[in-house]
Each structure stands twice: as C-alpha cells, then as structure tokens.
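Everything below concerns the one structure shown next.
The values are calculated or read from the model by the stated rules, or taken from the named source; none is laboratory data. None of these values were measured; they are calculated from a predicted model. For neighbour counting, all protein chains shown are included, and Cβ atoms are generated from backbone atoms with ideal geometry for every residue, glycine included. All accessible areas refer to the heavy atoms of the entire protein, side chains included, with ligands and DNA or RNA removed. Shrake-Rupley method; radii C 1.70, N 1.55, O 1.52, S 1.80 Å.
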Amino acid sequence: MCHVIVTCRSMLWTLLSIVVAFAELIAFMSADWLIGKGKNRSGAEPASAGPEPYHPTLGIYARCIRNPGVQHVPRDTLCGPYAESFGEIASGFWQATAIFLAMGIFILCTVALVSVFTMCVQSIMKKSIFNVCGLLQGIAGLFLILGLILYPAGWGCQKAIDYCGHYASAYKPGDCSLGWAFYTAIGGTVLTFICAVFSAQAEIATSSDKVQEEIEEGKNLICLL
C-alpha cells in the first residue's frame, strides 16, 4: 500500500529539483550566452550619433540577429540554430560544452521526474531514492561545471570573433558581454549542489520516528512540517 509522505524538506527538494532542471534546459537552448557588439540595421557598427543599435546574441548552437529587411517577415529579430548538425557548432570547446551540459541536464530532468514520486515511494531495492537522486544531482553538477569551464575557452573561434570583435580570445569575450543564459546556467549549477544536500535532509525527514509511528498506525497520507 502506498503511504503518501509529505514533509517541508522533501517538498522543497522536489520543487528545487524541478526548477533547476528547467532553468538549465532553458539556458542551454537559449541564444543569450554572449551579447555582441552593437550594430545598425545594415550590419555595420553604428555611428556615435546614429539610432540606438541592436545587439546580436550568440549561444552554444543558436543565435539571434536583426532581420535584414526581408519582406513578409513579421519579426524584427530572427532567432534559431546556426548549426544544422553537431559538427557545425563553432568550436570544439563548445561541442564539449554541449555534451557535458546535455548529460547534466538529462540527469537533472530524470531526477526531477523521479522526485515527484518520492511522496509515495521512498526506496527501491532497499536503496533510498533520496540518497540515489542526491548522488545523481552531484554527478550532474560536476558535468555542468565541466561544461561551463570549457565554454569560455571557445571564445576565440571565428564565430565568436564575428560577434565580439578581433580582441575576443579564449576566456576573453572581447567586445561582447555575458548574457542571462550564462548566468542562469551558473546559478542552476550552484542550486544543483544545494539540491544534492537537501536530498539528504529530505531522507532524514521522511524516515523519522514520527513518520514511522504514523505508518504503523495505518495512515496513508502523512503531512509533516
């Protein structure tokens, strides 16, 4: 029989696990990793007294640019992948980044899905789901760190130079600035390790003596602070 056990710690861990997985996934898919130099509509650098320039953005495999004036295109900004295949990603370092981030995000999404069911099932084959998920989140965090360390090494590729100027090089963004997706990926990585710590606290809360006493009393829904 399923005993639904809900504690503040386990709920917080579940919510954080879901948020972290979505945050990392959205950041990975975004083109807002690097914000390029300001350009006018023709693609040239703007004059000092000209209209406010737009800033193209460049992600690991995607980019956003200003619509050059093509008719019947309603959007002013065109966003999409610049690489049609994995081999067309601009830098070998970014290819490695994509692999490590994809592996970490896959693990995080799997844990987020499993975390929803921990209210009803706390162990499989005598192994605590919380502890297993916490270990997986720690491994995912390591993959994310590797990806984020390798990503700036690709700033010297030709694609980044086109967006950031000739001063761009490994770990030097040149005239570019870092976009929200990069910071979101960093924040999500930090929260991943926090989730790994919270998983241990969730395990302690759901296996407490008070929970076991209520299970022995035959209660199927147990809600604790």
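Go through the residues of region 137-157 one by one and say whether even a single one is open to solvent by less than 50 Å² (accessible area, probe 1.4 Å), of a type outside the set (A, V, I, L, M, F, W, C) and over 19 Å from the mean Cα position of the chain (by Cα).
There is at least one residue in region 137-157 that is open to solvent by less than 50 Å² (accessible area, probe 1.4 Å), of a type outside the set (A, V, I, L, M, F, W, C) and over 19 Å from the mean Cα position of the chain (by Cα).
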Of all residues in region 78-87, which are surrounded by 12 or more Cβ atoms within 10 Å (Cβ to Cβ) and either within 17 Å of Ile161 (Cβ to Cβ) or not aliphatic (A, V, I, L, M) (or both)? Cys79, Pro81, Tyr82, Ala83
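Take the residues in region 179-225 that are charged (D, E, K, R) and either open to solvent by 50 Å² or more (accessible area, probe 1.4 Å) or assigned to a loop (DSSP other than H, G, I, E, B) (or both), then tell me which one is modelled with the highest pLDDT.
Going through region 179-225, the residues charged (D, E, K, R) turn out to be 203, 209-210, 213-214, 216-217, 219.
If we keep only those that are either open to solvent by 50 Å² or more (accessible area, probe 1.4 Å) or assigned to a loop (DSSP other than H, G, I, E, B) (or both) too, we end up with 209-210, 213, 216-217, 219.
Details: Asp209: 48, Lys210: 53, Glu213: 56, Glu216: 50, Glu217: 52, Lys219: 49.
That would be Glu213.
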Of all residues in region 20-35, count the ones that are among the aromatic types (Phe, Trp, Tyr), assigned to a helix (DSSP H, G or I) and either open to solvent by less than 10 Å² (accessible area, probe 1.4 Å) or touching an Asp or Glu at 6+ places or on another chain (Cβ under 6 Å) (or both). 0
